[in-house]
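Here's the structure, in structure tokens; my notes come after.
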Amino acid sequence: TADPSRNLSIENATKVFGSFKAVDDLSLTVQRGEFLTLLGPSGSGKTTLLMMIAGFVQPDRGNIFLDSRPIAHLPPEARNFGMVFQGYALFPHLTVFENVAFPLKVRKKPRAEIEEKVKAALDLVQLTTQMDRLPRQLSGGQQQRVALARAMVFTPHLLLLDEPLSALDKKLRAELQEELKRLHRKVGLTFIYVTHDQDEALSMSDRIAVMRDGRLIQHGSPTEVYEQPRTTFVADFLGKSN
Ligand code: ADP
């Protein structure tokens, strides 16, 4: 149920490192509530594009709009986007509760609101019983779920996920894939998910954007992209098993 008046729009974005175009004149619109996956081989520019959306990388050309407002000039903290990366980046000396409370404390929210929101976020990822533990007392999968709760606790406009499951073993990955799909359905938040894993992209996404050499070469539903690959590159990439 995407509302087209609320979306993220990338228009002709280019990022050059030296003489190398990591992102090359790329345009893409992400609908509100959509689970969009950026899929492509290593070095295709997925992370650079995500970092541009997050605000850590400035585009050399082009612009980014959120709900029709240009945001390319805004620093990351002004964009209100949640982020989850491969490393969990939890504070090792803080409890699960304190880790998830962190973004709310930074925003100087009142104590009662923090308590309520942290508990709701931990409930979403089924970790309320672990809230007094330290990260090292949790499994890798549980730590990544804490990171997810922390990224969603402040009601971000969208969630940016860069290979969040790649450090996990196969079984945990499958579990977390299910968990992410369930969370996405439940909270209705826009997810922009980076992976080089075609099976993960096909099983999780509403829409896949395939990247190669900094360009968007095809986008569509998993079925469309899988069944009607537009180039042999896309066909080979999606057909290849891990
Ligand atoms: P992907 O996420 O698809 O693996 P990246 O966006 O990480 O691709 O990288 C795309 C290309 O841009 C790679 O060749 C990488 O070496 C290069 N690149 C990324 N960041 C930088 C940087 N800060 N300086 C120089 N080159 C970079």
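General remarks:
- Matching residues in the range 143-172 - criterion: being surrounded by fewer than 19 Cβ atoms within 10 Å (Cβ to Cβ) and in a helix (DSSP H, G or I): 170, 171, 172
- Qualifying residue in the range 41-61 (condition: of a type outside the set (Gly, Ala, Ser), outside any helix (DSSP H, G or I) and more than 15 Å from the ligand (Cβ to nearest atom)): yes
- Residues considered: 37, 29, 47. Of these, the only one that is open to solvent by 40 Å² or more (accessible area, probe 1.4 Å) and closer than 14 Å to residue 194 by Cα is 47.
- When 151, 147, 167 are checked against the criterion of being touching a helix residue (DSSP H, G or I) at 6+ places or on another chain (Cβ under 9 Å), within 16 Å of the ligand (Cβ to nearest atom) and not basic (Lys, Arg), a single residue qualifies: 167.
- Any pair with Cβ under 9 angstrom, 6 or more apart, that starts in the range 8-22 at a residue that is more than 9 Å from the ligand (Cβ to nearest atom) and in a strand (DSSP E or B) and ends at one that is among the charged types (D, E, K, R) and open to solvent by less than 10 Å² (accessible area, probe 1.4 Å): none
- Every residue from the range 63-103 that is in a strand (DSSP E or B) and either without any contact (Cβ under 8 Å) to a residue 40 or more places away in the chain or in contact with a Cys (Cβ under 7 Å, 6 or more places away or on another chain) (or both): 69, 70
- Answer residue from the range 190-201, given it is modelled with pLDDT of 95 or more and more than 16 Å from the ligand (Cβ to nearest atom) and is nearest to residue 234 (Cα to Cα) among those: 191
- When residues of the range 65-120 are limited to those that are among the acidic types (Asp, Glu) and closer than 24 Å to residue 49 by Cβ, the one most open to solvent (accessible area, probe 1.4 Å): 77
The values are calculated or read from the model by the stated rules, or taken from the named source; none is laboratory data. Everything quoted here is computed from the prediction, not taken from an experiment. Quick reminder, even Gly has a Cβ in these numbers, built from the backbone with ideal geometry, and neighbours come from all protein chains shown. Quick note on the areas: whole protein, heavy atoms, side chains included, nothing else; ligands and nucleic acids left out. Shrake-Rupley method; radii C 1.70, N 1.55, O 1.52, S 1.80 Å.
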